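Encoded as structure tokens, the structure appears first; notes follow it.
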Amino acid sequence: MATAVSIAPEREHYLNKEYGIRSWLLTTDHKRIALLYLVSITFFFFIGGFFALLIRLELLTPAGDLVQADTYNKLFTMHGVIMVFFFLIPAVPAVLGNFLVPLMIGARDLAFPKINLLSWYCYIAGGILVLHAMLTGGLDTGWTFYTPFSTAFSNTAVVEAGLGIFINGFSSILTGLNFIVTIHRMRAPGLTWSRLPLFLWSHYATSVIMLLGTPVIAITLVLVVLERAFHLGIFDPTRGGDPLLFQHLFWFYSHPAVYIMILPSMGVVSEIVTCFSRKRIFGYYFVAMASIGIAVIGFFVWAHHMFVAGMSLYAALIFSILSYLVAVPSAIKVFNWTATLYKGSVSFSTPMLYVFGFIGLFTMGGLTGLFLAALGIDVHVTDTYFVVAHFHYIMVGGTVMGYLGGMHYWWPKISGRLYPEAWGRLAALIVFLGFNLTFFPQFILGYLGMPRRYWQYPPEFQVLNVLSTAGSTILAVGYLLPMVYFLWSMRYGELADDNPWDAAGLEWKTSSPPPTFNFDETPVVTWEAYNYDELPTPQEVHVEQ
Amino acid sequence: MFDNFPLWPVRASTTAGSVDALYIFLVLLSAFMSVAIFIMITVFALRYRRRAGQQAQQIEGSNILELTWSAVPLAVFMVIFVWGAIIFFQERTPPRGAAEIYVVAKQWMWKLQHEEGHKEINELHVPVGRDVKMIMTSQDVIHSFYVPAFRIKQDVLPGRYTTAWFRATRPGTYHLFCAEYCGTQHSGMIGQVVVMEPAQYQAWLTGGAAFGSMAGSGESMFLQLGCSTCHRPDTQGRGPNLVGLFGSKVQLEDGRTVVAEENYIRESILNPSAKVVSGFKPIMPVFQGLVSEEQLTALVAYVKSLTPQASGAAGTPGLISPGKPPQEPKE
Amino acid sequence: MSNSPAPLVLEHTPGLQHHFADMEQQRNASSLGMWIFLGTEIMFFGGMFLAYLVYRMWYFNEFAAGSRTLNLLVGAVNTAVLICSSLTVALSVRAAQLGKRTLLVTLLALTILFGLVFLGVKAYEWDEKFTEHHVPGYSFHFQPESPEKPVDQGHAQIFFSLYFAMTGMHALHMIIGVGIFSVITWMAWRGRFTPEYHTPVEIAGLYWHFVDIVWIYLFPLLYLIDRRPHG
Amino acid sequence: MSEHILPSKLYWTIWAVLICLTGITAWVATVDLGPLNTIVALLIASGKALLVVLFFMHVKYTSEKLTRVVIISALFWLLILLGLSLTDYFIRHPGIAGGA
């Protein structure tokens, strides 16, 4: 493994242009901001993951014997809050999106660099507030903050955590704003909409959701905070408030939020699947429009979270039929990715392994969504472990797989180094196995009727819970590996040339790591998207160590 | 740990069968789709793996294929939607004449009360083959009445009644869970539904302490609070005549007509000025905060018991009407 | 939207950011950015409008009674004050385009004055609500207009919760607006704006007009629910 | 948005119209039109908003199609939030059938 570190003549790029804390904390370079996000996101990911392990350990036994009931409630609440708001929503857009959108467009930076830095500071300010709330007593309302429990019956730091998430919301809004304006205003000459990489189409759709959804949860949390702090009565049933109003406002954002989480990873998968099968995407127009379709129809379906909440019968019918419409674009994407492999020249590098994992697990996640949208079955399986398994298949099986795949694919461009290929493939395999062992038993548990958020459960569910806990430890190992060898490769990894994968796309036309202004002179795009027929076929990139 | 390791939930109610049927159909459909995608990926990946001479052939895409794998899934989804909606309608329309259980959920216990007055905590005894309708409300936060064996779940909201119904088909003891997170002991708010043969149920009924029926205690509350001064059964008092009110259409002062169901009666007790019956002045005092949930459910049960022919004798057809054949829920 | 491949080394026109090709591209980007931000603000206030819509449908009597306790004249005057401030903002953008510095500074100062007047009147109205015990919470007591029209105290509290939430959030946006305009006025006074570069004035103007439009909707929805002369 | 400079007289006329509309909406509220009162109030408010958007915010003169797209899509999303939520609130308390 000890490849000699080749001492290349030190070329100036965005990493070694300037050093010191000020150069990082006050940077307006979108690439450095992406790395700031990378560090903070990884920090939150491991905190949320640690809570997940504690939850799984508690559920090893039917009795509540590892932590007390209150602590368990705080554990799953903080696991939810940190994973949803501080990892899954920002992960791909803020790290890969921030780094790559200007590069893929041929611009020198995002439209509003200072606002981009402000977005990171909002993220950090929100994170500090939530961490402080966690350290000084925690939050026990669940990440969903349902009223009247969160407004009247919880005596934990709801106000502080609510404000933390509110401020963090600005981070999403500002990132979305930056992407939309950049994609509209700053495309390189010749880069028409039909030549846009699908990574940008999915980030454009994600930005639309971020912009139009996040403000609604902002006002919802502000109303909860006002109700707790100044006794306003908007959600208070004793004064005539409707408990379902909060759920409508909350889920109006929180369902599109799950599309904020999955769409960017879909963009990553489109980029990787084309590069590693050396082929154009199958049905470019349909895959691009599917992203926009998911973003728009995603706003029509939120009340399928409330079928048994006391909503009227007829409204449940309307939301059920709309929920089936939103499943169609996702199906189109999966079929198109699979069709892209046909008659390609498929390589099994690490990013491609993550893509195979993504397509398989996202398909299962999407299909179980059909169970939940069917009204008759939802009555039985909602609020049980079936739902927990469903959304983990989409979030962990989909988004995290896409995120890791993207990180491996663009790591040479980000760090100028190659990651160890063998370790990468091993980690991908461990993550895939650990994931399935963790969450597949939960489908069975869910249909058996084990409710969510239970500190103790009847003994007949124990065997499946033991399997799930075993899987979670394997999954944890799988996630630790990339952390180790990415850091290792920063120091000892092979130097990467401009285009190690011989991939299409403007980001591979500049050096790795790119100079601060990305391109020496504004590139002109004359080729169609994913023109792999005009690119040399790479010999196997990594000599098996 | 391995003595009791089920992989499929017990099927103990009429709707359980149809829910399981749709579930099995969807499991097969999903298994088929997942395996199909899995096989296609592995076959394509291996068949066209990168090796010398394996030149990728650029394919733009084909609109016909795109349309087929948009339209076909959509058609299948609509079938599933309709099937699911039919089951949902069955689950959400309690058959007329079902026996009524008043459920009050409070932080971390279930209080259930039968028509005949029997009160139970975290336990519900019902005879097999009898339609049972739960009229539920919460005293504090949102809970959810969930019996996996009957495949029914319904959130219980503060400030309002929600209903759920089932007809048990197999004697036995089944789990009762709270499915909506409600605080510290959310996982402790569990109980049992005991389904018994009619004869056994009789024994259990007579064995327990004799309670006045709900309608009876409702009537005493009705007199005690002075409701009878305005709501007279015979002549036209200052308040509307309540006999035969339940289930009828009521014309309101502001022109709307509403159906007098449990929520209407409850709201008219707690906040009378919300829906004033036409021809009457809003002079009824507000009872919000003066009446506990149990007293409220008793009053509602009493008002519902005032049917024209039984205006004298209290007691709707509760669980104890022996000999009456279990009514078929009207389809 | 293809802009010519401009050479990267540009003479540094004042106020041009390094990553934009020319002034035209930067102005379009800034105005598009502000319009998108105003779109998020529409959704932000939209959440409260849904709460208002639902509770007005359910508790119309208490909403009408609560609305009648608000001072109609003061509300109308306040709306007029805000419309005047919109006028001065529009005129100040015009002054910036023409490069008339003194006119620009006076108009911006007038805008801030109108804003402060609005906030003062709003503070007066809130104070009146405090003295009348119309603030939701323990001290809340709503005196119904006439005995035979009883009012549910809880539902009245919901109206006033929405009243304070909506006008409070709007006032907060006004305070932010006054802050922004103070900075713009200081920059204008220092002569930073020329007919070629006055984007900050335009962007601030868009924000101010939006806050005015929110009040244009809040005034009828809160003050004019039911002012009809009842028998 | 940028080059076209409007005559200040236009701004003053728009201002006058807005002031009159405010007066009208306040006065109309005191006239009993039955259910029409709310609709009229909302129409006048939307009229005033339109005037501010078109003239004060220069949307009428800008060559930028995107600004209109952003405004219309934001209003459409607001419509989704209000409209679809009302499907639940309008039909939540029917008779016995959907009573739950």
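The values are calculated or read from the model by the stated rules, or taken from the named source; none is laboratory data. Computed from a predicted structure; not experimentally measured. Counting neighbours? That spans all protein chains shown, and the Cβs are built from the backbone with ideal geometry, glycine included.
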Item checked: Residues (more than 28 Å from A:Tyr285 (Cβ to Cβ) and either assigned to a helix (DSSP H, G or I) or within 12 Å of chain D (Cβ to nearest Cβ) (or both)) located in the range A:336-352 -> A:Thr350
Notebook entry, point to check: Of the residues in the range A:314-335, how many are farther than 16 Å from B:Leu74 by Cβ and either more than 7 Å from every other protein chain (Cβ to nearest Cβ) or small (Gly, Ala, Ser) (or both)?
Noted result: 3
Next item on the list: Would you please list the contacts, defined by Cβ atoms under 6 Å and residues six or more apart or on different chains, that run from a residue in the range C:208-231 that is at the interface with another protein chain (Cβ under 8 Å from one of its Cβ atoms) and farther than 30 Å from C:Val178 by Cα to a residue that is part of a helix (DSSP H, G or I) and of a type outside the set (Val, Ile, Thr)?
Entry: C:Asp226/C:Ala64
Next item on the list: Using the structure shown, decide if A:Gly360 is in a helix (DSSP H, G or I) and more than 24 Å from B:Arg47 (Cα to Cα).
Entry: no
Note to self: When you check C:Phe164 against the structure, is it aromatic (Phe, Trp, Tyr), buried (at least 20 other Cβ atoms within 10 Å of the Cβ), in contact with a Phe, Trp or Tyr (Cβ under 9 Å, 6 or more places away or on another chain) and closer than 26 Å to A:Leu245 by Cβ, yes or no?
What the structure shows: no
Item checked: Residues that are over 26 Å from C:Leu91 (Cα atoms) and either of a type outside the set (S, T, N, Q) or in contact with a helix residue (DSSP H, G or I) (Cβ under 6 Å, 6 or more places away or on another chain) (or both), drawn from the range D:13-40 -> D:Ala26, D:Trp27, D:Val28, D:Ala29, D:Val31, D:Asp32, D:Leu33, D:Gly34, D:Pro35, D:Leu36, D:Ile39, D:Val40
Notebook entry, point to check: If you scan the range A:240-255, which residues turn out to be of a type in the set (Gly, Ala, Ser) and farther than 16 Å from B:Ser138 by Cβ?
Noted result: A:Ser254
Item checked: Subset of the range A:184-208 that is crowded, with 24+ Cβ neighbours inside 10 Å and within 12 Å of another protein chain (Cβ to nearest Cβ) - its residue that is nearest to C:Gly46 (Cα to Cα) -> A:Val208
Margin query: List the residue pairs whose Cβ atoms are under 7 Å apart, where the first residue sits in the range C:17-35 and is at pLDDT below 75, the second is buried (at least 20 other Cβ atoms within 10 Å of the Cβ) and of a type in the set (Phe, Trp, Tyr), and the two are 6 or more positions apart or on different chains.
Written below: C:Gln26/C:Phe20
Note to self: If I filter the range C:138-165 down to residues being in contact (Cβ under 8 Å) with a residue 12 or more places away in the chain and small (Gly, Ala, Ser), which single residue comes out as farthest from C:Trp126 (Cα to Cα)?
What the structure shows: C:Ala156
Next item on the list: Among what's in the range B:183-204 and is crowded, with 18+ Cβ neighbours inside 10 Å and within 20 Å of B:Glu116 (Cα to Cα), pick the residue that is modelled with the lowest pLDDT.
Entry: B:Tyr201
Item checked: Scan of the range C:55-78 for residues that are under 17 Å from C:Pro150 (Cα atoms) and hydroxyl-bearing (Ser, Thr, Tyr), ordered by number -> C:Tyr59, C:Ser67, C:Thr69
Note to self: Among the residues of the range A:465-500, what is the count of those that are buried (at least 20 other Cβ atoms within 10 Å of the Cβ), in contact with a strand residue (DSSP E or B) (Cβ under 7 Å, 6 or more places away or on another chain) and part of a helix (DSSP H, G or I)?
What the structure shows: 1
Next item on the list: Answer with yes or no whether A:Val216 is buried (at least 24 other Cβ atoms within 10 Å of the Cβ), within 24 Å of B:Ile142 (Cβ to Cβ) and within 10 Å of chain C (Cβ to nearest Cβ).
Entry: yes
Check: Which condition number in (1) out of contact with any Leu (no Cβ under 7 Å at 6 or more places or on another chain); (2) surrounded by fewer than 24 Cβ atoms within 10 Å (Cβ to Cβ); (3) more than 10 Å from chain A (Cβ to nearest Cβ) is the one that B:Arg130 fails?
Finding: (1)
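One line per residue, one yes/no per condition, for (1) in a helix (DSSP H, G or I); (2) in contact with a Cys (Cβ under 8 Å, 6 or more places away or on another chain); (3) within 19 Å of B:Phe32 (Cβ to Cβ):
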residue	(1), (2), (3)
B:Glu91	yes, no, no
B:Glu100	no, no, no
B:Ala105	no, yes, no
B:Leu112	no, no, no
Check: For the range B:224-251, what are the residues that are surrounded by 13 or more Cβ atoms within 10 Å (Cβ to Cβ) and over 24 Å from B:Leu290 (Cβ atoms)?
Finding: B:Val243, B:Gly244, B:Gly247
Notebook entry, point to check: In the range A:134-157, what count of residues is obtained for those that are part of a helix (DSSP H, G or I) and either surrounded by 23 or more Cβ atoms within 10 Å (Cβ to Cβ) or hydroxyl-bearing (Ser, Thr, Tyr) (or both)?
Noted result: 3
Note to self: Need pairs with beta-carbon distance below 6 Å; first residue within 17 Å of A:Arg11 (Cα to Cα) and within the range A:487-499, second at pLDDT below 90 and surrounded by fewer than 15 Cβ atoms within 10 Å (Cβ to Cβ); sequence gap 6+ or separate chains.
What the structure shows: A:Glu494/A:Thr3; A:Leu495/A:Ser6; A:Leu495/A:Ala8
